[in-house]
Structure formats: structure tokens, C-alpha cells
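Comments concern the structure below.
The values are calculated or read from the model by the stated rules, or taken from the named source; none is laboratory data. All figures in this text were calculated on a predicted structure; none of them were measured in a lab. Ideal geometry is used to build each Cβ from the backbone, glycine not excepted, and the neighbour counts take in all protein chains shown. Just so you know, the surface numbers come from the protein's heavy atoms only, side chains and all, with ligands and any DNA or RNA stripped out. Shrake-Rupley method; radii C 1.70, N 1.55, O 1.52, S 1.80 Å.
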Amino acid sequence: MRIDTIQGIIGKHKNDKGGLISVLEEIQSKLGYLTRESLEAVAEGMGKPLTDVYGVATFFRAFSLKPRGKHLVSACVGTACHVRGSHAVVRELEKVLGVKPGDTTADNEFTLETVACLGACALGPMVVIDGHFFSKMNSGKVKGVIDRARAGLDRSEGGGDERVFPLVVRCPRCNHGLMDSGKLIDGKPSIKLTVSFGGKHGWLRLSSLYGSYSVECEYEVPVETVVNFFCPHCHAELGGSQECSDCQAPMVPLLVDGGGMIQVCSRRGCKVHMLDLNGVNFDF
Amino acid sequence: MIKLWINDLPVEVEEGSTILEAAKFLGFPIPTLCHMDSLSPYGACRLCIVEIGEGDRAKLVSSCTYPVENGLKVRTASERVVKARKMIIELLLATCPQSKVIQDLASAHGVRQQRFKQEYDDCILCGLCVRMCKEQMMAGAIGFRGRGERRSIGTPFDAKSETCRLCGGCIHVCPACTLRCTYSEPEKAVCGGCANLEPPCIEKEEFHDMMCYMRPCVACEIIPTEKKQS
Ligand code: FES
Ligand code: FES
């Protein structure tokens, strides 16, 4: 990331209290993680000692100082899962992946992390891989689950068109998954967001197939309207800093599981979107 | 001026001072560990807890961070306070049994047992060094990192700091690493050695009106025997 982009981000949040967190959040949502250089640039730009910036960056779970792997494996070690034997599952995961919780495998495929309670205690021990829940885990099941994840849990059966593949996305603010498997669009779990436009407020579902423009919404959205997008979990407004290259409406950034970002134009009918997987730009 | 009660005595102190400052000024002893005049209060060690409020609403607060309020009822040594304080010392002692500062606190407050596993950590995360570095030395070379059980103090990325001037201020204020308790029985967690040592001269008649600065205190005892006889 270039220094002037960081300065731009700092300039935006300079005057608000707790601006440091917003700055780091924004950098993380652009890069996927926080690099040492970016932290140093933030410290310098905000006139804070590096120790403060580093302290904040290491304090919050949402920030990562290491690049994340393609697949995120979260093993629950909350109380309920713990008493059901999650430690054995974690140990097995460590063995199979060859990394400790918090680390990423050398081939950048898997990041292993432990979390405290996923809210599915009755099904514990829980392991979540790329947004897929694996319940009643035991150490015997670990290998099979990892193999399935490696092969791709979301691989599309949509035929040979390489440009049509499903994405699993998260909110760039709270990192909460946005996939809704209760409602399929194009036969795939849809991306559920909250929108508001012209005094109306409701849900909107996007197709998760990259290259498909199918949308469903609680209300009819007139073509050409610019709608405001919100995360249904943290209710943060998702309108980003970037503008659509075609129609100048704000682009909506979404975090793609496995690294990278997708940006979608917020104007109804505008088809501009940008996928940025680990720094490689695909402009379609 | 703020009017409050400390240990049932009505007192008046300046607005904006903390309970600890008020109590110290008026001569009520409150033990502290992470507090140091000229550094901002931080409230990490909880040793300075006092009880405020009455009846069901009574609660323990750290006096070094609690500003005085009108009509506040403060108890600096109630049963609850003493009990909690002992527990805190016991826990601190479990983290850092080799610290003489904490061993002395334990002796002074009658902590006679150790029910927790001794960790022999070299840091109790009191943050004195961090504040010293930032507030007095204007360097900000070290800081807190991480959180929970992974919280630690050090430089960002563990890299050699460019702002550190090697002034040694951090070591000077550290309660865990400056003074070592050199107790001979490490498995016995509570040492109590130094604090229980009565100066031998108190009992000796020929020394009773003498002021002595010999260090260690028992130095007069170690005088070779021949010299004593001559
Ligand atoms: S403890 Fe694991 S899901 Fe609640
Ligand atoms: S002196 Fe008040 S909490 Fe440490």
C-alpha cells in the first residue's frame, strides 16, 4: 500500500476520537492484514508512538499482523466445546495442518485460529471452515474435513466457465460472514445485506456467483438509484471510499474469504465490480 | 473543597485529587505497587483497593484512580479490604515469587500461605516502566502488546528500538526485576525473611541509643570474633 493512501485514510479519521482504530480497520480491509510498514506509517502520520499503534493492533482480535491463508479454520474452544473435548480436535488440527493456532501454513492455504463460542454449543465441538459449520467434531473427523476444505468447500458445479465462480464474503467492518444459505440464488447461498434508499429500508440478496448479476430485494429498486448498503450484523454503512469508474457512485467493499476484496457499484443496474484477490487485480 | 469521610473521620480535601492522594495526605496508609507520584495513575495492581459506599452498595475500588466525591464514605482497612488485599498479594506473589518488593509486601500484610502455582514470571504487567518511558523519559519505546494471557511489555515487533536511549528508567522502577529475593528455599513460596528480621541492635544494650546505617542491617553481627574480643 502506498504511503499517500495511508495518509489519505489518516486524514479522514484524524479528528475523531478512537480514530486510530478506524484507520487500522480501513487499512486492514484494503490489505487483508496489517503490515509492519503500514503500522509505522500510521504512527508517523498520526504523531503517535509506534508502541501505541502496535499495542492497539495486537490488542484487538479483528486485526491481524500476519497474512491470512486461503481457508480460515476456526476451532471453538468455548466452555461448552471445551467440555466436549475441543482440545483434542485442536490438537489434531495442529497436527494435520502443522501449525499452531494463529498461524498460517507455509503454502498459505490454511489459517488456524481458536475462537470462544460460535453460538452453536449444543452441536459442539464446533469447527468452522470458510463459513461452513462442522458440528460434533472429533479428532477422527479432522483429516477428512481438512481434505474437503482443501478441495474447496464452495467449488461451483456451474460448468466450465472459469469466470463464474461463487464467492464467500464477509463484512469488512465486523468480519461477520454475509452468506445466507437459507436463500439460494443461482443455486448458491446468497449474499445478504441491508439496504436503504428513498426512505425504504430492507434486505437485499446478491448472487454469490462471480459474474452473475442476479439480485433480490424486499422492495423494487428503480434502475439508476444509488442505494446505501449496510452490514446486517454490525449495521455499519459499507459505502467505501472508492468511486465507481463508470458512474461515480460509491463502491461497496466486501471481504472475500481466503483473502482479497470485491467491490461492487452501489448503483442499481451498474455492472461495475472489481475483484482484488491478494493484490492481483481483475478488472472486468 | 470536597468533604468526605475516611475511616469515619470527616475530612476535607481538594477537588480533583484521588482517594489515594487524600488518604496519603491525611496519613492513612494504603499500600501501592503500580502507583508512583509523577506518573499517571493506572490501576493495574489493585493493591490500593479501598471500600466505598455503605451497606449493599459498598464496593471495592482502586483508590489510586478514584477521584474524591462529596459525601463519599471510604474505608481503607475494613475486613473486606484486608481480605481482598491479601488475596491480591498472594496472586502477585504467585506470578513473581522472586521479587523482593512483593515478598516484602507479603510479609508486611501477613500473607502466610501460597495456594497458587508459582509462575516465576518476570513481569506483573504493572505498567510502571511503560509510563516511565512515555511520561518521564518522553521516549515511548516500550508498550503493552497483545491482551489476555498473551499480554506482554516490550518494543513493537520485538525490534531494537530507535527511540530508546538506554536510560534505564524502566529497570529503575520495576518492582519485579530490580530487587531479587534471594530466599534459600524456593519451594517455600512465602519468604518473609527480610521483613521478619528484627535489627539485632535493638536488644543490645551498648547500641540502644545509636543510629546506624550499616548495610545489611545485621552487619554489626558479622564483625570477626577476634576483633570483638580485643
Ligand atoms: S462453546 Fe463452542 S459453540 Fe459455544
Ligand atoms: S496502586 Fe492503585 S492499582 Fe496499583
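Its Cα gyration tensor gives region B:28-161 an equivalent ellipsoid, and the semi-axes of that ellipsoid, as √(5λ) in whole Å with the largest first, are 28, 20, 13. Cross-link partners for A:Lys183 among the lysines, with Cα-Cα distance under 16 Å and sequence neighbours closer than 8 places in the same chain left out: A:Lys192. Remark: accessible surface ordering of B:Ile88, A:Ile27 (largest first) is B:Ile88, A:Ile27, probe radius 1.4 Å. In loop segments of region B:1-33 as defined by DSSP, the GluC sites (Glu not before Pro) with at most 13 further C-beta atoms inside 10 Å of their C-beta are B:Glu14, B:Glu15. Per the accessible-area calculation with a 1.4 Å probe, the total area buried between chain A and chain B rounds to 1100 Å². Per residue of B:128-140, other chain Cβ atoms within 10 Å of the residue Cβ number 1 on average.
Using a probe of 1.4 angstrom and keeping all protein chains present, the accessible surface of region B:128-177 works out to 59 square angstrom per residue. Mean sequence separation of contacting Cα pairs (under 8 Å, at least six apart), scaled by the length of region A:92-248, corresponds to a relative contact order of 13 percent. Here's the picture: charge each Lys and Arg Cβ at +1 and each Asp and Glu Cβ at -1 in region A:18-163, and of A:Val90, A:Ala43, A:Thr58 the one pushed furthest to the positive end of that dipole is A:Val90. Here's the picture: charge each Lys and Arg Cβ at +1 and each Asp and Glu Cβ at -1 in the protein assembly as shown, and of A:His176, A:Ser241, B:Ile102 the one pushed furthest to the positive end of that dipole is A:His176.
A:Tyr213 contributes an accessible area of around 110 Å² to the protein surface, as traced by a 1.4 Å probe with all chains present. Computed from phi, the 3J(HN,Hα) profile of region B:137-154 under the Karplus parametrisation 6.51, -1.76, 1.60 (θ = phi - 60°) reads 8, 6, 9, x, 7, 10, x, 6, 9, x, 7, x, 6, 9, 5, 8, 10, x Hz, with x in place of Gly and Pro. Under the combined filter of DSSP loop state and at most 13 neighbouring Cβ atoms within 10 Å, region A:242-272 retains these trypsin sites (Lys or Arg not before Pro): A:Lys271.
Take each residue of peptide A:51-60, count the partner chain Cβ atoms within 10 Å of its Cβ, and average: the result is 6.
Using a simple spin-label model with pseudo-atoms 7 Å out from Cα toward Cβ, A:Glu218 and B:Asp158 lie 5.0 nm apart. If you take all other residues with their beta carbon under 13 Å from the beta carbon of B:Cys170, and give Lys and Arg +1 and Asp and Glu -1, the sum is +1. Heavy-atom accessible area with a 1.4 Å probe sorts A:Ser38, A:Ser241, B:Ser40, largest first, into A:Ser241, B:Ser40, A:Ser38. The lysines whose alpha-carbon is closer than 24 Å to the alpha-carbon of A:Lys95, local same-chain residues fewer than 8 away aside, are A:Lys66, A:Lys70, A:Lys136, A:Lys141, A:Lys143.
Once the Cβ-Cβ distance between A:Asp147 and A:Ala122 is put in as r, and R0 is 30 Å, what FRET efficiency do you end up with, to the nearest 0.05? Given R0 = 30 Å and the Cβ-Cβ separation, E is 0.70. Other residues whose C-beta falls under 15 angstrom from the C-beta of A:Gly199 contribute a net charge of -1, scoring Lys and Arg +1 and Asp and Glu -1.
Under the simplified labelling scheme, the A:Lys95-A:Asn228 pair shows an inter-label distance of 5.3 nm, with each label point 7 Å from Cα along Cα→Cβ. Label-to-label distance, A:Leu184 versus A:Lys14, with points set 7 angstrom from Cα along the beta-carbon direction: 5.3 nm. Of the cross-linked pairs A:Lys14/B:Lys134; A:Lys30/B:Lys160; A:Lys12/A:Lys188, those separated by over 31 Å at the C-alpha level are A:Lys12/A:Lys188.
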